[in-house]
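Trainee: Following this message is one structure expressed as structure tokens.
Nothing in this text is a laboratory measurement; each read-out follows from the coordinates by a stated rule. Remember, it's a predicted structure, so these values are computed and weren't measured experimentally. Reconstructed Cβ throughout: ideal geometry from the backbone, glycine too, with neighbour counts over all protein chains shown.
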Amino acid sequence: MYSPQRKDFVSLTLGEQHSHSYTNGKHRRQSCWRKWKQLSRLQRSLILFLLAFLFICGILSYSSLAEQWRGLSDRSLKEDWVEMDNRGLRPIPPGLIPKLPPGVVPGVQDIPPEVLPELQRPSIPILPKPPAMRKPPSKRGPPALQKRGNVSDWQEKDGKEPLIKREDEEGKEAKTVISWRGAMIEAEQGTELQSTAHGKVGTVANAEGTASLKPVTEKPVDRVEEVREAFRHAWKGYKAFAWGHDELKPISKTHGEWFGLGLTLIDALDTMWILGLKEEFAEARKWVETELSFSKNVDVNLFESTIRILGGLLSTYHLSGDTLFLDKAKDIGFRLMPAFKTPSKIPYSDVNIGKGTAHPPRWTTDSTVAEVTSIQLEFRELSRLTQDPQYQNAVEEVTRQVHRLEGKRDGLVPMFINTNSGKFTRRGAFTLGARADSYYEYLLKQWLQGGKKETELLEDYLQAIEGVKKNLLRQTSTSKLTFVGELSNGRLNPKMDHLVCFLPGTLALGAHNGLPADHMDLALQLMETCHQMYAQMETGLSPEIAHFNLQNHNGRDIDVKPADRHNLLRPETVESLFYMYRFTKDSKYRDWGWDILQSFNKHTRVPSGGYTSIGNVRDPLNPAPRDKMESFFLGETLKYLFLLFSDDNELLSLDKYVFNTEAHPLPIWPSAS
Ligand code: DMJ
């Protein structure tokens, strides 16, 4: 039993059991005091300690909550397009917007004026001056890093020196690593120095796009070498944490699996060859020889495994002459063939390469149009190399059917096709983006691959580009940026996927091969737009989807919805920059590519190795890393950057090779075949 005087516990009674009056305050005070006096010293001390503790906690949590509320209201400001004025998009640097001849918009002359009223306006104004919150000129790093406590000392180095040197508010040098929820992300390299040193001797472009003179004493930056370095860094992460697996998860330092076939390694093979990374290539080859087996009970996506695995193996075979890769290509090609056993011969989306069975996705019998029409380059090449026509026959049957199908709109195709009926499914939009994009790309590229003989492919391509011009092209009100919208239920939705940025390159490739000159004009305009999708974002990286403003209600060209703010390290813009540079030799395309590489280094590079996709291209202080390096970053993005910066025009000449949609070069067939 506890004696009343020696309670070593505290009992708290909520409510006055015997008091029924709320008015008798004096009595209550007296009774409280009496009860307090009745408590033991220990109990009183405990209560006092508890009260003091609660008081301190209250103060602390108030200040942190207030901080969070401030943050939240900042964020909702950021998310509100109307309020974007306060944060500021990047200004369009003067001189980067192509000036159009008065009264004429090249490449869109054929569009009726009622469709494109704004197209006739010649001048392109510059976006409003940045408000005070913007980054200071000449500093592309996140502002106020010190203030936000978001910069920490070097914790990890990967052989590169600290990347940014800036001054904080007291004028001291800040350190150069940005912490993202535990992941240390390097800040960028000295942008000014590098821009200065390469190509534009003696000048440096600041954030306003103006040039100022600066003496050049530093060694010129070798951009090609910088791409090699980026590749090595990505490879380092893949090798350390994801070797032989599909994808690197660079922040959690582990791997992700999709097909379980070493996707990144295979996708990267020809890139290593092209970049001259012999050691890396040799170790990857060893893995292909000793570890890679397609005899696996696994479902793979026909399109993805064709463009990445079959395409990667075929191109590596061509570049290296090593028959190991051809043997592997034959193996996977053969295992993918069950996909074509459908009532309509339009292939299913998924194949089990171990069991030899195929099926559509669980929820539909449809396949995606881009997927069934973007496997032709690879299977045709496989037939040519093996002298076995089954591959070519299967994919050309698909081309023939799609060519004849009803339901197109001026050459534009819907997004879905049914594997039973072989007909387009009437849902979805007419788009050059996801689910339709590479249909258009492969029309032109097959025509080139086959030596420009297959006229139906060319007709379909030409008609489709006219369809784009007639139905999908618009310009923003503010800067007259030309973009390719989507047509949904007869209405134009002014949105464009980053995926559409393959189009300038494809149009330029067509024009280079004798197609109408206005294709090149359109390519120039769309290239500018794709560049602006990067340049106008705070991280210098494009969102997955951009919404373009047709009304000049806020002085902005591009709006980004919260769900579309991510960047997956995609290649389409640098792919087009490569084509545009090869055909025009205009060094601005290299500079734009260089800016993109630096933005990747600044916001997506993970010090322990690898690059990560990010969740928010509008927030340089927290781009929200997603912990995934897609295989196409090595297969495509870095390859196209390398080719963009390389001075060797004969390196994969565009008159001798055609790149598949995963950037794997395949030879243009000799005219005899
Ligand atoms: C790649 O797999 C290919 O480029 C494909 O055509 C589209 N998606 C990715 C890159 O964005």
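Trainee: Given the pairs LYS219/LYS656; LYS341/LYS445; LYS328/LYS408; LYS278/LYS330; LYS328/LYS656, which span a C-alpha to C-alpha distance of over 31 angstrom in this model?
Mentor: Those over the limit are LYS219/LYS656; LYS328/LYS408.
Trainee: List the chymotrypsin sites (Phe, Trp or Tyr not before Pro) within the stretch 544-603 that DSSP assigns to loop and that have no more than 10 neighbouring Cβ atoms inside 10 Å.
Mentor: Qualifying residues, ordered by number: none.
Trainee: How big is the gap, in Å, between the Cα center of the stretch 630-673 and the Cα center of the stretch 311-341?
Mentor: 17 Å
Trainee: Mind ordering 233-239, 280-286, 391-397 by average Cβ neighbours within 10 Å, highest first?
Mentor: The most tightly packed comes first, giving 233-239, 391-397, 280-286.
Trainee: Enumerate the amide H contacts of THR357 below 5 Å, restricted to partners 5 or more residues apart or on another chain; note that Pro and chain-start residues carry no placed amide H.
Mentor: Amide H neighbours of THR357: ASN352.
Trainee: Could you tell me the center-to-center distance, by alpha carbons, between the stretch 375-448 and the stretch 530-559 in angstrom?
Mentor: Result: 31 Å between the Cα centres.
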